[in-house]
Ligand SMILES: C[S@@+](CC[C@H](N)C(=O)[O-])C[C@H]1O[C@@H](n2cnc3c(N)ncnc32)[C@H](O)[C@@H]1O
């Protein structure tokens, strides 16, 4: 992450985050302000797409262990939906090299154009991950360092999206913050919004949408202190 000049952020509760942001806001005003911050993310990555692409390694580094666990559960040649795919590397690149069929979506047209020129065999869409408009189910779903840029309500709603796009037995890999709250970092000198639900709420959402947690590590020291979730959809329809 340091390569992308993302200032490390501390996970704070909403009140503390408001105070840290210098905003003597009463909680309701702060909560109303949150979606604006999350929406600003889309423009931010588009403005700094070149910087993001330059800074992101082409080959897996700290994600390797989690990607290995994810692919171990996929059928050979299976399909993967990469939500918030960025520049298509290292994650989609690695999946394509392993023979999986990748569909990537990202809100940044410049990053999606980069994916298309690099990996023409895959399918790439400029879309908001909150409304992906892809009427297909996949063997695997990834939201690596993208879900945490959404507001809390949007994150809750994403579990319906995950479920709608997950084939029975599909594997789901995503990152979050380690605890409930909002954290402001910075990228290329601009404020970078992150938010996280509590681990207990992610567990409840996964269960309610028919996913079983396979592995979860908060602040994984083997993965640059990412908080990572690996889950699998039940083989039979269930949940909400
Ligand atoms: C930290 S980058 C991670 C990119 C990629 N997953 C990776 O690991 O390299 C976050 C990505 O999420 C994308 N993103 C953020 N909010 C989004 C949204 N609402 N819909 C689609 N993409 C979004 C950004 O454009 C950016 O490419």
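Apply the Kirkwood formula to region 91-164: the hydrodynamic radius equals the inverse of the mean of 1/r over all pairs of different alpha-carbon atoms; give it in Å with one decimal.
13.2 Å
Once Rh for region 201-240 is found with the Kirkwood sum over Cα pairs, what is the Stokes-Einstein diffusion coefficient at 37 °C and 0.692 mPa s, in µm²/s?
On the way: Rh = 10.9 Å.
Translational D for this selection: 302 µm²/s.
Sorted from largest down, what three extents in whole angstroms do the Cα atoms of region 44-151 have along their principal axes?
Between the extreme Cα coordinates on each principal axis of region 44-151 lie 37, 32, 30 Å.
Give me the percent of Cα-Cα pairs in region 145-240 that sit more than 20 Å apart, rounded to a whole number.
Here the tail beyond 20 Å accounts for 36 percent of pairs.
Taking only Cα atoms of region 54-116, what ratio of Rg to Rh do you get with Rh as the Kirkwood inverse-distance radius?
0.96
How big is region 10-233 by Rg and Dmax over its Cα atoms, in Å?
16.8, 54
Need the full-extension length gain, residue 200 to residue 128, defined as separation in residues times 0.36 nm minus the C-alpha distance. One decimal, nm.
In short, 23.3 nm is gained.
Values in this text are rule-based calculations from the coordinates and carry no lab data. Because the structure is a prediction, the values reported are computed rather than measured.
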